[in-house]
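Right, one structure below, let's go through it.
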Amino acid sequence: VKVVVVQSSDDETVARLASICVAAASAAGHDVRLLDLVGDGFVPWMSAADRAAYHEAEPLVDPLATRYAAETKAAEVLVFIDRAQLSSLSPMLKGWLEKVLVPGVAFVLDERTHRVKRGLTDVRRLVGVNVGDGLGSNSKRTILRALRLCTGLRTRPSWYELRPNGDVAELFGRVEKRMRSL
Amino acid sequence: MSGAIVVHCHPLAESFSGAMRDRAIAGLTTAHGHRPQVVEIGESPVAPPAERLAVETLVLVYPTWWSGQPAALSRWLYESVPTFGEVRRVIAISSHGSPKRTNLLEGENGKRVLRDVVLRRCAAGAQFEWIAFYNIDAAPLSKRVAFLDRVERRLSRP
């Protein structure tokens, strides 16, 4: 199974969760790719060139976003590891959605009917691992509801959240178990 | 204390979002008798206010992407929210490519973060107003113009 793990931060907990995911899924025999957004130097802000290209035939301008899009398009399991800010995805991960999951990758816009057709149809499981701030569930809804509209309702969702003062070791254990049995 | 600040986020110099900003500024100028402060977030985030945000009305103008604020505006909000203690009115003006039912399915995360998280960092009793244009991708010019008129009308009320 082709697994893509998106790591949005280099903070200790997020980095540890990413390495657990990669190690456990690899040990289970899966083909795992880690997208380390900070390590790769990903710029999450939509530039004028990115936005101008968005509705064109070639919407991907940033070479790193182009590589990420190809990896994501081929994924059967998508894993997002993030630290929430104001109950929502971090700007780094939110910017990744904006710049990588463009028309032709995550969805196709029908110009006549203006309806959206799903683009990530190979994804059979979506996994979110969130270091939460206890302020709400906007991160969870963005991944498991907004993004799942692009993968299909048959995609199985999994959500793991570390609440403030939560048990980190227990979360590590649950995430490892999930990644061993994808 | 009175006064307003408009925070606009869009990477392109010319956009529908920019037109929403201009009409918001026009409405606020009518309401307050002077032009509001304007913060422009273009291709990357800008610095948060140095100390307290000394205005009563905070207006956020942006396109909704992936059911929330653009990443650069999210960064600005996260860094700026500790300075919002004197803000009594938060107004969000946002365009959505998809219809309202899609945004409901997605969870309306941009609206929720402002209403449920940001507003609680503002002055006690602060009010929230949501002015949204849904399904802009399919909207004819007449509807877009009508929405811009609505923005100016709404913000010209004191």
All but one of (1) facing another protein chain (nearest Cβ under 9 Å); (2) more than 14 Å from the chain's Cα centre (by Cα) hold for A:P103; which doesn't?
(1)
Can you tell me how many residues within segment A:83-97 are under 13 Å from B:V113 (Cα atoms) and either among the small types (G, A, S) or touching a Lys or Arg at 6+ places or on another chain (Cβ under 6 Å) (or both)?
4
Would you confirm, using the coordinates I've provided, whether A:L126 is surrounded by 16 or more Cβ atoms within 10 Å (Cβ to Cβ), closer than 18 Å to B:G107 by Cβ and away from chain B (no Cβ under 13 Å)?
yes
Out of B:S80, B:S15, B:S94, B:S44, sole residue that is buried (at least 18 other Cβ atoms within 10 Å of the Cβ), closer than 30 Å to A:Y54 by Cα, small (G, A, S) and within 14 Å of another protein chain (Cβ to nearest Cβ)
B:S80
Pairs, please: C-beta under 9 Å, at least 6 apart or cross-chain, first residue more than 14 Å from every other protein chain (Cβ to nearest Cβ) and in segment A:34-52, second among the basic types (K, R)?
A:L35/A:R67; A:D40/A:R67
Kindly indicate whether A:L135 is in contact (Cβ under 8 Å) with a residue 40 or more places away in the chain, over 19 Å from the mean Cα position of the chain (by Cα) and either within 10 Å of chain B (Cβ to nearest Cβ) or under 19 Å from B:N103 (Cα atoms) (or both).
yes
Suppose we keep only residues that are farther than 13 Å from A:E98 by Cα and within 17 Å of the chain's Cα centre (by Cα) within segment A:46-67. Which one would you say is surrounded by the most Cβ atoms within 10 Å (Cβ to Cβ)?
A:L64
Determine whether segment B:29-36 contains at least one residue that is surrounded by 19 or more Cβ atoms within 10 Å (Cβ to Cβ) and at the interface with chain A (Cβ under 9 Å from one of its Cβ atoms).
no
Pull up segment B:97-116, narrow it to residues that are within 13 Å of the chain's Cα centre (by Cα) and more than 8 Å from chain A (Cβ to nearest Cβ), then point me to the one that is farthest from A:S139 (Cα to Cα).
B:R115
Quick test of your reading of the structure: B:V87 fulfils all but one of (1) more than 10 Å from chain A (Cβ to nearest Cβ); (2) β-branched (V, I, T); (3) not in a loop (DSSP other than H, G, I, E, B). Name the failing condition by number.
(3)
Segment A:89-132: number of residues that are of a type in the set (K, R) and touching a residue at least 24 places away in the same chain (Cβ under 8 Å)
5
Would you confirm, using the coordinates I've provided, whether B:T64 is among the hydroxyl-bearing types (S, T, Y), more than 12 Å from the chain's Cα centre (by Cα) and not in a loop (DSSP other than H, G, I, E, B)?
no
If only one of A:G166, A:G152, A:G173 is within 25 Å of A:V105 (Cβ to Cβ) and over 13 Å from the mean Cα position of the chain (by Cα), which one is it?
A:G152
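A quick yes/no check of all residues on (1) touching a residue at least 40 places away in the same chain (Cβ under 8 Å); (2) at negative phi; (3) out of contact with any Lys or Arg (no Cβ under 9 Å at 6 or more places or on another chain):
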| position | (1), (2), (3) |
| --- | --- |
| B:S15 | yes, yes, no |
| B:I41 | no, yes, no |
| B:L58 | yes, yes, no |
| B:P63 | yes, yes, yes |
| B:W76 | yes, yes, yes |
Restricting to segment B:1-12, and then to whatever is aliphatic (A, V, I, L, M) and over 21 Å from B:L114 (Cα atoms), can you tell me which residue is farthest from the other protein chains (Cβ to nearest Cβ)?
B:M1
In segment A:157-171, what residues are exposed (fewer than 12 other Cβ atoms within 10 Å of the Cβ) and at negative phi?
A:P164, A:D167, A:A169, A:E170
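Only the coordinates and a few stated rules stand behind these numbers; no lab work does. Given the structure is predicted, the values throughout are model-derived calculations rather than measurements. With ideal geometry, Cβ positions are generated from the backbone for all residues, glycine too; neighbour counts draw on all protein chains shown.
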